[in-house]
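The values are calculated or read from the model by the stated rules, or taken from the named source; none is laboratory data. Nothing here was measured: the structure is a model prediction, and the numbers come from that model. Counting neighbours? That spans all protein chains shown, and the Cβs are built from the backbone with ideal geometry, glycine included. The area values use the complete protein model at the heavy-atom level, side chains included, leaving out ligands, DNA and RNA. Shrake-Rupley method; radii C 1.70, N 1.55, O 1.52, S 1.80 Å.
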Amino acid sequence: MYRAPLEELRFVLEELLGTGQLAAYPAFADYTDEVGASILQEAARFAESVLEPLNRPGDREGAHWTPDGVSTPKGFKEAYAQFVSDGWQQLGTDPRFGGQRVPQALNCAVQELWGASNLSFELCPMLTHGAVHALELCGSEAQQQLFLPRMASGEWTGTMVLTEPQAGSDLGEVRTRAVPEGDHYRLFGQKIFITWGEHDYTDNIIHMVLARIEGAPAGVKGISLFIVPKVLVNADGSLGERNEVRCISIEHKLGIHASPTCVLQFGQDRGAIAYLVGQPNRGLEYMFIMMNTARLGVGVQSYAVGDRAFQHAAEYARTRLQGKPAGAADAKRLPIIHHPDVRRMLLTMKSCTEASRAVAFYAGQQLDLAAHHPDAAARAAAQARADLLIPIVKAWNTETANEVAAIGVQVHGGMGFVEETGAAQYVRDVRITTIYEGTTGIQANDLIGRKIGRDRGAALSALISDMRRELEALEPRGEMPGETRDAALQAVALLESASRSLVGNIAAAPERALAVSVPFLKLCGLVTGGWLLAKSAAIAAAGRGAAGKDFYQSKIRTARFYAKQVLPQAIGLAKVVEEGAASVLEAEPERV
Ligand SMILES: Cc1cc2nc3c(=O)[nH]c(=O)nc-3n(C[C@H](O)[C@H](O)[C@H](O)COP(=O)(O)OP(=O)(O)OC[C@H]3O[C@@H](n4cnc5c(N)ncnc54)[C@H](O)[C@@H]3O)c2cc1C
């Protein structure tokens with residue numbers, strides 16, 4: 001059974017991040033910790049009682065394709081209807097379109113509950129959110145009025161339609177054609193891998209599609225963003241004719257079986273009617289708005305599955321009898337959780353999940369400060385920090401969650417490898433998170449190219465000095481030993497020296513920087529997680545919040561475990577960043 005980690009979520013929101021303080025900004029004037037706690041309580045109920053029971057049956061049954069459309073596994077359609085009628089889709093969207101604005105960190109917490117209980121289900125609301133956000137920021141007034149209220153409520157869902165067979169990571173290769181026709185365009189082309197591109201939930205789907213207007217420049221500078229409704233919408237909001245967009249098949253894949261991954265054909269005859277969003281040729285820039293929200297969302301959903309895998313593994317480890325205590329041959333057999341190595345595995349899962357959660361919520365909070373802080377300089381600094389952190393959340397969290405889910409199988413022994421126990425589903429489901437919304441390699445390119453290269457490491461240096469300053473100020477107290485803080489400080493120092501070496505290379509020898517960009521990104525995630533866990537331990541040692549004593553003690557111990565058993569990886573990663581590039585570059589492509 002999945003249990004929403006409410007005490008932990010509240011700790012991170014209320015005590016680590018002080019989310020309640022956002023009430024000082026007009027946008028969050030009605031927000032309090034109590035409001036956040038009651039939203040979480042209700043979301044937990046929905047996740048535990050509606051979404052979780054559908055997770056394994058949905059994996060077994062999968063989505064079905066027919067020439068008339070796609071049907072979702074039994075129970076999904078009803079769950080979605082309840083999700084919408086309970087108002088969950090509206091959480092986090094602009095009140096102008098019927099939404100309820102809440103702090104991003106709380107949004108992350110709620111998304112975690114959906115992702116942990118049923119990743120396939122969560123993808124549809126997540127992508128709708130991204131589409132809503134892009135239209136809120138870039139759509140015309142008329143487009144907003146026509147589409148947003150029904151997308152924000154969940155009455156219609158949204159998609160993100162970028163990928164083509166020859167254009168995956170390299171979106172400059174997008175070939176879908178847009179031909180102008182009066183006040184709209186006609187689209188022709190095939191898109192692949194479109195998540196929830198077709199389904200039986202709603203009577204309309206609003207596709208946000210990248211295409212190239214005839215005569216546009218080649219490459220990324222010639223891509224525009226279009227709205228393509230599955231069913232055309234009349235000016236009065238009523239539904240009109242079916243548009244020329246068809247799902248011609250769905251993929252058979254490793255995981256997330258209940259989430260249809262669609263091949264969409266636009267324009268078999270006259271072309272799919274499409275409406276340009278914003279200016280021509282600025283589509284990729286607009287799509288990035290959507291991708292940033294989605295990348296944070298993927299970082300959240302990955303550790304959410306990791307947490308589910310942890311809970312599952314811990315439950316198994318408490319009941320599976322195997323072996324006896326070391327040196328006591330006559331003793332009774334013990335649940336495997338008594339073996340130190342099993343506890344090590346479980347603590348690795350737990351501590352990495354807690355670190356990933358803290359990093360994701362922290363990044364979410366930076367987005368709120370960037371949008372709502374009254375001081376322009378503070379807004380700019382928060383935006384720079386959010387921009388820096390988003391590829392880290394996307395890539396480090398997802399890579400880590402893959403390891404966490406795999407350890408979950410290991411805790412189960414052979415029973416983890418058979419489908420019956422359910423541990424394997426988490427490994428299969430979470431596997432996609434390092435791939436979609438930009439692979440780990442692409443996130444690392446973004447981190448070192450756009451986020452560090454452009455400001456010559458200024459945003460990263462600011463983060464490093466904040467981490468150091470805060471860690472130096474932490475007083476060892478009670479059960480929070482100085483060694484947790486010291487380990488975090490040492491890791492910050494390693495990150496600082498690795499950054500110096502990397503920043504030097506970005507301009508002078510970009511290939512060298514690219515050869516170690518993923519290890520560098522992992523180092524950033526690992527160290528940021530170490531900082532936030534050490535801070536958490538110090539807060540827990542003071543024990544002033546609403547959580548119970550056991551929770552605080554566990555928090556302190558988990559942080560210590562991370563400092564002692566996980567954070568030392570920083571030594572190896574820093575060495576790779578400083579010395580490892582040549583070993584990649586000397587391997588010629590044809591000789592690897
Ligand atoms: C289940 C699923 C759901 C998806 N949902 C959607 C969706 O809703 N909408 C949508 O538009 N797309 C979607 N995608 C597509 C997804 O975003 C792409 O698969 C992903 O961006 C990678 O592109 P690709 O598969 O073409 O791999 P490629 O781009 O061919 O990459 C292959 C490998 O090469 C590496 N690589 C490529 N270029 C570089 C580079 N410049 N530097 C370093 N390494 C590089 C990659 O990191 C990767 O390891 C989905 C895919 C799947 C499988």
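If the condition is being closer than 30 Å to Ala134 by Cβ, more than 18 Å from the chain's Cα centre (by Cα) and surrounded by fewer than 24 Cβ atoms within 10 Å (Cβ to Cβ), then the stretch 275-326 contributes Tyr275, Leu276, Val277, Gly278, Gln279, Pro280, Asn281, Arg282, Leu284, Glu285, Tyr286. Criterion applied to Ala37, Ala105 was being part of a helix (DSSP H, G or I), buried (at least 21 other Cβ atoms within 10 Å of the Cβ) and among the aliphatic types (A, V, I, L, M), and the one residue passing it is Ala105.
Among the candidates Val209, Val233, which residue alone is within 16 Å of the ligand (Cβ to nearest atom), modelled with pLDDT of 95 or more and open to solvent by less than 20 Å² (accessible area, probe 1.4 Å)?
On the way: Val233 fails: within 16 Å of the ligand (Cβ to nearest atom).
The conditions single out Val209.
With the structure loaded, tell me whether Gly422 is open to solvent by 10 Å² or more (accessible area, probe 1.4 Å), at positive phi and away from the ligand (no atom under 16 Å from the Cβ) or whether it fails that test. Spell out how you get there, then give the answer.
Details: open to solvent by 10 Å² or more (accessible area, probe 1.4 Å): no; at positive phi: yes; away from the ligand (no atom under 16 Å from the Cβ): yes.
Considered against the rule, which asks whether it is open to solvent by 10 Å² or more (accessible area, probe 1.4 Å), at positive phi and away from the ligand (no atom under 16 Å from the Cβ), Gly422 comes out as no.
Of the residues making up the stretch 126-172, just one is acidic (Asp, Glu), surrounded by fewer than 18 Cβ atoms within 10 Å (Cβ to Cβ) and within 22 Å of Arg246 (Cα to Cα), namely Glu155.
This table checks each residue for (1) open to solvent by less than 20 Å² (accessible area, probe 1.4 Å); (2) more than 16 Å from the ligand (Cβ to nearest atom); (3) part of a helix (DSSP H, G or I).
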residue: Glu470; (1), (2), (3): no, yes, yes
residue: Ala488; (1), (2), (3): yes, yes, yes
residue: Val492; (1), (2), (3): yes, yes, yes
residue: Ser497; (1), (2), (3): no, yes, yes
residue: Val503; (1), (2), (3): no, yes, yes
residue: Ile506; (1), (2), (3): no, no, yes
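Within this structure, Ile390 fails the test of being in contact (Cβ under 8 Å) with a residue 12 or more places away in the chain, open to solvent by 10 Å² or more (accessible area, probe 1.4 Å) and within 16 Å of the chain's Cα centre (by Cα). Annotation: of all residues in the stretch 339-375 being among the small types (Gly, Ala, Ser) and under 20 Å from Leu463 (Cα atoms), the one that is most open to solvent (accessible area, probe 1.4 Å) is Ala371.
Taking residues in the stretch 149-174 that are without any contact (Cβ under 8 Å) to a residue 24 or more places away in the chain, and partners anywhere that are open to solvent by 20 Å² or more (accessible area, probe 1.4 Å) and near the ligand (Cβ under 9 Å from one of its atoms), the pairs with Cβ atoms closer than 8 Å and at least 6 places apart or on different chains are Glu173/Gln166. For beta carbons closer than 9 Å, sequence separation of 6+ or different chains, a first residue in the stretch 119-130 that is free of Cβ contacts under 8 Å to residues at least 40 places away in the same chain and a second that is near the ligand (Cβ under 10 Å from one of its atoms) and of a type outside the set (Phe, Trp, Tyr), the qualifying pairs are Thr128/Thr159.
Taken together, Ala405, Ala423 contain a single residue that is within 14 Å of Ala309 (Cα to Cα) and under 17 Å from the mean Cα position of the chain (by Cα), which is Ala405.
Going by what's in this entry, would Ile336 be described as surrounded by 19 or more Cβ atoms within 10 Å (Cβ to Cβ) and over 19 Å from the mean Cα position of the chain (by Cα)? Talk me through it step by step, then tell me what you get.
Values: surrounded by 19 or more Cβ atoms within 10 Å (Cβ to Cβ): yes; over 19 Å from the mean Cα position of the chain (by Cα): yes.
When the stated conditions are applied, Ile336 passes them.
Apart from one condition, Lys522 fits all of (1) under 30 Å from Ile194 (Cβ atoms); (2) without any contact (Cβ under 8 Å) to a residue 60 or more places away in the chain; (3) of a type outside the set (Gly, Ala, Ser); (4) open to solvent by 40 Å² or more (accessible area, probe 1.4 Å); the exception is (2). How about the stretch 187-202: which of its residues are more than 12 Å from the ligand (Cβ to nearest atom) and buried (at least 19 other Cβ atoms within 10 Å of the Cβ)? Selection gives Leu187, Phe188, Gly189, His199, Tyr201, Thr202. Taking the criterion of being under 28 Å from Gly449 (Cβ atoms) and in contact with a Leu (Cβ under 9 Å, 6 or more places away or on another chain), the residues of the stretch 465-487 that qualify are Met467, Arg468.
Quick grid of which residues meet (1) of a type in the set (D, E, K, R); (2) within 13 Å of the ligand (Cβ to nearest atom); (3) out of contact with any Gly (no Cβ under 6 Å at 6 or more places or on another chain):
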site: Arg242; (1), (2), (3): yes, no, yes
site: Ser249; (1), (2), (3): no, no, yes
site: His252; (1), (2), (3): no, yes, yes
site: Ile256; (1), (2), (3): no, yes, yes
site: Ser259; (1), (2), (3): no, yes, yes
site: Cys262; (1), (2), (3): no, yes, no
site: Gln268; (1), (2), (3): no, no, yes
site: Ala274; (1), (2), (3): no, no, yes
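Condition test on Ile407, is it out of contact with any Asp or Glu (no Cβ under 9 Å at 6 or more places or on another chain), open to solvent by 10 Å² or more (accessible area, probe 1.4 Å) and within 15 Å of the ligand (Cβ to nearest atom)? When the stated conditions are applied, Ile407 does not pass them. Flag: Glu173 does not match the condition of being in contact with a helix residue (DSSP H, G or I) (Cβ under 8 Å, 6 or more places away or on another chain), among the acidic types (Asp, Glu) and within 10 Å of the ligand (Cβ to nearest atom). Elements of the type helices (runs of 4 or more DSSP H) sitting completely within the stretch 398-459 and holding at least 2 residues that are aliphatic (A, V, I, L, M) and closer than 25 Å to Arg500 by Cβ: these cover 440-446.
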